[in-house]
1. Which residue, THR145, MET1, GLY259, has the largest displacement toward the positive end of the dipole of the chain when charges sit on each Cβ (Lys, Arg +1; Asp, Glu -1)?
2. Looking at the stretch 93-147 from every direction and averaging, what is the projected area of its Cα convex hull in nm²?
3. Over the stretch 120-166, what per residue volume does the convex hull of the Cα atoms give, in whole Å³?
4. Ranked from the most accessible area to the least, with a 1.4 Å probe and all protein chains present, what is the order of TRP150, TRP110?
5. Just tell me which aspartates and glutamates come within less than 16 Å, Cα to Cα, of LYS2; anything on the same chain fewer than 8 places away is out.
6. Principal axes first, then extents: for the Cα atoms of the chain, list largest minus smallest coordinate on each axis, whole Å, largest first.
7. Which net charge results when you count Lys and Arg as +1 and Asp and Glu as -1 among the other residues whose beta-carbon is under 13 Å from that of GLY142?
8. May I ask you to compute the full-extension gain from ASN318 to ASP194, defined as 0.36 nm times their residue separation minus their alpha-carbon distance, rounded to one decimal in nm?
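The values are calculated or read from the model by the stated rules, or taken from the named source; none is laboratory data. What you are looking at is a predicted structure, and each value in this text was computed from that prediction instead of being measured. Neighbour counts are summed over all protein chains in view; Cβ atoms, including those assigned to glycine, are modelled from backbone coordinates with ideal geometry. Quick note on the areas: whole protein, heavy atoms, side chains included, nothing else; ligands and nucleic acids left out. Shrake-Rupley method; radii C 1.70, N 1.55, O 1.52, S 1.80 Å.
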Amino acid sequence: MKITDYLRLDRPDQFEYARQLGIKYAVGRLPDGKMEEYARSYDKLEALKTEYEKRGFDLKIIEPAPPNQKIKLGLDGKDEEIGNMITLIENMGKLGIEVLCFNFVAYFNWVRTRYDVSERGGAKVTGYYHSDIDHSVITEVGEVTREKLWENLTYMLKAIVPVAEKAGVKLAIHPDDPPVPQIRHIGRILTSADAVEKAINAVPSKNLGITLCQGTFAAMGENIENVIDRFNGKTFFVHFRNVSDANPYEFHETFHDNGLIDMAKCIKKYVSCGFDGYIRVDHVPTMYGEKNELPGYEALGRLYAIGYLRGLIEATENALNETV
């Protein structure tokens, strides 16, 4: 397993922390407000990769994809957005950026309704409570059916998967977070392990797989060790996080060692399956002294989580070596 960190250029402090923690690989975000511009330009993407290298990191993953709501909603302009994704994938291949992490959540992205849920010792975490939202209020895009979303997802995959194969880039689709069937009359389709498997089989390819987001699969009610087994060979990227409940309608994040998932058993399963891809910690608590300006992405909880992850990996690998 290769530990990575989600590093944004507008957070230089996190680059410093990650470097001190010995992390070598970066998950990068295309600059906000300029995502499409960077997706279309080899020179800009190369400059982005070079900037990460100057700061001591090898940029291996782009997360998320450039804007693609027109694709998801089937609107005019969807082919232009697909063109942006195609150009980005081609350029990633040329630059050795190995993985594109993307989702297929229409209108809403990952949704939380509370950002100051109390966790251990009063740390603040994010939570989703379905009843906090008035689902009778329809958005300006109207009703979006699950059937239409499946149609639009397949349309996109047919266009980008052959490009990824040629470019040598892995496409890692992220399940819907939260994994509820709909929010305000907008359907959500990647809400179970069966649905995720259906998605990656829509256009069968060695280059189409998943981002195994542990927290999202756990909220679905899935057993994470079984999920790791099920998607062995198709997991290109792992989001290492934990949640309070196996209930997509009501859950909150937790410290990585304080939730529903047995994280040590998960690492043991990754190791026994021979997973050698990229893993990053995700959605960490905001701890004492922090302002909670970036809920889920402050620094101190991330330091704790990365140390915990590294310790689990080393302990598991050492135990395996002792039995060989």
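1. Of the options given, the answer is MET1.
2. For the Cα atoms of the stretch 93-147, the hull's average projected area reads 7.7 nm².
3. Convex hull of Cα atoms, per residue: 183 Å³.
4. Reading off the accessible areas and sorting them downward yields TRP110, TRP150.
5. ASP58, GLU98, ASP276, ASP282, GLU314, GLU317
6. If we take the Cα atoms of the chain, the spans are 54, 46, 41 Å.
7. Within the 13 Å Cβ shell, the charges total 0.
8. Using 0.36 nm per residue and subtracting the Cα-Cα distance, I get 41.2 nm.
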